[in-house]
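**Q** My questions all concern the structure below.
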Amino acid sequence: MNPLPPELFLMLQQWDTARHLAGQHLFRLAEARRRAEADRLELERAWQVLRRAMEAESRSREELLALTN
């Protein structure tokens, strides 16, 4: 069996490294998208809690004003 010429070996090594890095990049990109979606859902829940709290505060203020007038 003939060994690979050094140039071909280096080219194959570079190709394998590039392929590995591309896979890592895609994995990290997918992970970032999952985290972004989780953050978006958490932010949406926080907005709902804030909106309900503001509505409750508004009702309380209206009831207090109605009682004092």
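The values are calculated or read from the model by the stated rules, or taken from the named source; none is laboratory data. Computed from a prediction, not measured in an experiment: that's the story for all the values here. Here the Cβ positions follow ideal geometry from the backbone for every residue, glycine too, while neighbour counts run over all protein chains shown. These area figures cover heavy atoms from the full protein model, side chains too; ligands, DNA and RNA do not enter into them. Shrake-Rupley method; radii C 1.70, N 1.55, O 1.52, S 1.80 Å.
**Q** Inspect region 60-69 for any residue being out of contact with any strand residue (DSSP E or B) (no Cβ under 9 Å at 6 or more places or on another chain), free of Cβ contacts under 8 Å to residues at least 24 places away in the same chain and not in a helix (DSSP H, G or I) and give the result as yes or no.
**A** yes
**Q** Is it the case that some residue within region 62-69 is surrounded by 10 or more Cβ atoms within 10 Å (Cβ to Cβ), hydroxyl-bearing (Ser, Thr, Tyr) and modelled with pLDDT under 95?
**A** no
**Q** Further question on the same structure: Please determine whether any residue of region 42-59 is among the hydroxyl-bearing types (Ser, Thr, Tyr) and open to solvent by less than 70 Å² (accessible area, probe 1.4 Å).
**A** Yes - at least one qualifying residue is present in region 42-59.
**Q** Something else: Kindly establish whether Arg45 is part of a helix (DSSP H, G or I) and either within 33 Å of the chain's Cα centre (by Cα) or at positive phi (or both).
**A** Considered against the rule, which asks whether it is part of a helix (DSSP H, G or I) and either within 33 Å of the chain's Cα centre (by Cα) or at positive phi (or both), Arg45 comes out as yes.
**Q** Against the conditions (1) part of a helix (DSSP H, G or I); (2) surrounded by 10 or more Cβ atoms within 10 Å (Cβ to Cβ), where does Glu7 fall short? Just the number, please.
**A** Every condition holds for Glu7 apart from (2).
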